[in-house]
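Bear in mind these aren't lab numbers, they're just calculated from the coordinates by the rules spelled out. Model, not experiment: these values are computed from the prediction. No Cβ is skipped: glycine too gets one built from the backbone with ideal geometry, and neighbour counts run over all protein chains shown.
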Amino acid sequence: MEKYKFITEFELRSSPKVLFPYISTPSGLEQWFAEKVTVLPDHRFDFQWDGDSHIAKQTGLRINKAVRFDFENTSEDNLDNNHVELKLEVSELTQTTFLRVIDYSSNRDQDELTSLWDGFIVNLREIVGS
């Protein structure tokens with residue numbers, strides 16, 4: 001099945017140092033992104049939504065900048081797995097922090113993905129006071 005790359009950005013009124021633990025640690029991700037997150041060996045994370053377990057390997061990590069999770073077993077050949085990349089970027093002009101989301105999956109419904117990520121970010125903003 002063909003994959004779709006959904007990219008969106010959100011302005012957050014918080015510094016990358018404050019936001020980074022929320023996008024990179026199990027306890028931070030549990031507060032806004034998944035119901036439960038468990039660390040497994042080999043930089044793997046178990047994300048749980050609606051009682052379903054989704055295993056992802058952390059394949060990218062840049063302190064206070066970005067994190068990437070490649071979900072296992074989401075393609076037939078394991079070469080084109082779903083992934084989520086969360087990047088923190090600061091505008092040099094305004095010093096505003098943006099969270100760029102890259103969601104690569106077989107979900108092609110732009111409205112559904114927009115609604116899903118908008119809901120996640122509402123939760124994140126409540127937590128960080130943004």
Could you run the Karplus curve 6.51 cos²θ - 1.76 cosθ + 1.60 with θ = phi - 60° over segment 83-97 and give me ³J(HN,Hα) per residue in whole Hz, x for Gly and Pro? 8, 10, 10, 10, 10, 9, 10, 10, 6, 5, 6, 10, 6, 8, 8
Built amide H within the under 5 Å cut-off of PHE6, gap 5+: ASP103, TYR104, SER105
Is the shape of segment 1-77 rounded, prolate or oblate, going by the alpha carbon gyration tensor and its root eigenvalues a ≥ b ≥ c, with a/c under 1.5 for rounded and a/b larger than b/c for prolate? prolate
Once normalised by the length of segment 4-128, the mean sequence separation of its alpha carbon contacts under 8 Å that are 6 or more apart gives a contact order in percent of 28 percent
Gaussian network model of the chain, springs between alpha carbon atoms under 10 Å - residue of GLN48, GLN31, GLN110 with greatest fluctuation: GLN110
Net charge of neighbours whose Cβ lies under 12 Å from the Cβ of ARG108, counting Lys and Arg as +1 and Asp and Glu as -1: -3
Where the centre of each part is set by its Cα atoms, how far does segment 80-130 sit from segment 29-62, in angstrom? 16 Å
The chain, Gaussian network, Cα under 10 Å: of PRO41, PRO26, PRO16, the residue fluctuating most is PRO41
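Set the Förster radius R0 to 22 Å, insert the Cβ-Cβ distance between HIS43 and ASP80 as r into 1/(1 + (r/R0)^6), and round the FRET efficiency to 0.05.
For R0 = 22 Å, the calculated efficiency reads 0.65.
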Tally Lys and Arg at +1 and Asp and Glu at -1 over the other residues with C-beta under 10 Å from the C-beta of THR8: what net charge comes out? -2
Comparing ASN73, ASN82, ASN64 in a Gaussian network model of the chain (Cα, 10 Å), the one with the largest mean-square fluctuation is ASN73
